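These notes are about the structure you will find just below.
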Ligand code: NAD
Ligand code: UGA
């Protein structure tokens, strides 16, 4: 007999907890799903018409299930107590200080969530790691839970990493390539795996639900992100060779991707990958390798991140060199600020690095992004490592409401995010409104360079000689 899950609690109402559990509520109307967070503003937003994250298709699902079998609340203890199964979906950022700073994952949120579960729970629970964590974190969670539990209750720990990508989260959750469930290889562990599998089986074909041991599951998440990011760094490394030789990176990616052993996905050259996870998870893997006394392995993965930094810097220096070696007081239109299209998330966005470098060079930048707020952009550009204060920043940076406004009187346009709307712009109109010579730097390879050249633009694209 497996445990039938009737109530789920999710700790962490973020980019993962929110969409993942909303989809569970949508597909399992017989299960009550309660998503909790310590951040009251975030919970209020989840309960409003204006959800805290932008994700195509998310509104519809949330508005449909909210108040029926989907709830958002800050009453963490109550939700823990009522649940049969608890997802831990809190943030696991890179540590900023102390041992492993700059590499290791900060597990403080995981630990405090685990302690809270142990303290509050009065009945047995299946506790599921949803957050991305270093290999063997489940062991620490189990030790904490067992050492602090009351009344002989049982905790079964599972690892169920999330593979959704932002911008396509709902589709990824509805039609996942696979669902991974790691558990202890004991009768109780198998039973817990089965209980979680039965939830996913409501909409995911059985053959896509993979069960493994706990440590394989934890490591597979870091490995999948490392392998994906490695492909991007590989194609970006090749883009530098293309620029120097006259080869075209899109053609190279297409030719290589047609080999079924390589495949076409994740071979789009760019100004560099961003997002909250690739860099964090690779650094986490680097740290793990070092801890395991595997310095060569650590160096191998570290290079994926180093190449990404190099790609961003390379793009900035190409822009400065092309603009006659100075961008002081030049007006630069930055199109896009999110780390990819179809999200308002800016975490580790390449646009942040570009803009900070432009500001350090005393350029005046005009930024347009369809989904990122002005407040968020100023927050991102005023990080601790910058040497200007917010007043100076506002003299250098203007946030505008359209690509046309950003481009008017600009010396150059820089495409930092691949929003579809940038492909549809009226470039004749933009050209007329710009200073001449009018430059476009396409950091996402989304524009028709030949057409732009025929209008009069000087076009520079990543991975092309010109
Ligand atoms: P997030 O920062 O958007 O959300 C985490 C939330 O957890 C925050 O709102 C925070 O207030 C809350 N929280 C922290 N401690 C808590 C506690 N004790 N009780 C209740 N709430 C608490 O983070 P995210 O992007 O959703 O990522 C969460 C995890 O999922 C990370 O480990 C990340 O690596 C992983 N992940 C993220 C993505 C993604 O696309 N963002 C995809 C796959 C996996
Ligand atoms: C990534 C993974 O794709 C998810 O499977 C994973 O669950 C998630 O990280 C996570 O663990 O957080 P995400 O970062 O949301 O998802 O988005 P991606 O589509 O992977 O894009 C990441 C970055 O790489 C973006 O900046 C994107 O523009 C860039 N990218 C992507 C490229 O430059 N080229 C490509 O071919 C693909």
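Throughout, read-outs are computed from the coordinates displayed, never taken from laboratory work. None of the values given here were measured: they were computed from a predicted structure. Note that each Cβ is placed from the backbone with ideal geometry, even for glycine, and that neighbours are counted across all protein chains shown.
A few remarks follow.
- Overall dimensions of segment 279-353, expressed as equivalent-ellipsoid semi-axes from the Cα gyration tensor (√(5λ), whole Å, largest first), are 32, 17, 7.
- FRET E, pair residue 378, residue 191, Förster distance 51 Å, beta-carbon r, rounded to 0.05: 0.50
- Cα-Cα P(r), the chain, percent of pairs per 20 Å interval: 23, 52, 23, 2
- Taking N as its residue count, the alpha carbon Rg of segment 136-181 over 2.2 N^0.38 Å: 1.64
- Tilt relative to the chain, helix 214-245 - C-alpha long axis, 0 to 90 degrees, to 10: 10 degrees
- Segment 313-399: proportion of alpha-carbon pairs further apart than 23 angstrom, %: 17 percent
- Normalised by 2.2 N^0.38 Å, where N counts its residues, the alpha-carbon radius of gyration of segment 84-161 equals 1.11.
- Each stretch of four or more DSSP H residues adds -39500 (n - 2.57); spread over every residue of the chain, this sum gives -13500 deg cm²/dmol at 222 nm.
- Segment 142-208: relative contact order as a whole-number percent, Cα under 8 Å and 6+ apart: 31 percent
- Summary value for segment 1-144: 26 percent relative contact order, contacts being C-alpha pairs under 8 angstrom separated by 6+ residues.
- Translational diffusion of segment 182-332, µm² s⁻¹ [Kirkwood Rh, Cα pairs; Stokes-Einstein; 4 °C; 1.567 mPa s]: 70 µm²/s
- For segment 79-235, radius of gyration divided by Kirkwood radius, i.e. Rg to Rh on alpha-carbons: 0.98
- Normalised by 2.2 N^0.38 Å, with N the number of residues, the alpha-carbon radius of gyration of segment 1-136 equals 1.07.
- Cα shape, segment 217-258, gyration tensor, a/c 1.5 rule: oblate
- Where labels lie 7 Å past Cα in the beta-carbon direction, separation of residue 436 and residue 59 in nm: 4.3 nm
- Cα-only Debye scattering, segment 409-466: base-10 log of I(q)/I(0) at q = 0.12, 0.18, 0.22 Å⁻¹: -0.23, -0.54, -0.83
- Subtracting the Cα-Cα distance of residue 424 and residue 203 from 0.36 nm times their residue separation leaves 75.9 nm of extension gain.
- Length-normalised contact order of segment 308-424 in % [C-alpha pairs under 8 Å, at least 6 apart]: 36 percent
- If you plug the beta carbon distance of residue 6 and residue 47 into 1/(1 + (r/R0)^6) with R0 = 22 Å, you get a FRET efficiency near 0.45.
- 0 to 90° range, to nearest 10: angle between helix 17-27 axis and the chain longest Cα axis: 60 degrees
- The chain: angle of helix 187-200 to the longest principal axis, Cα-based, in degrees nearest 10: 50 degrees
- Inter-site label distance for residue 38 and residue 245 at 7 Å from Cα along Cβ, in nm: 5.2 nm
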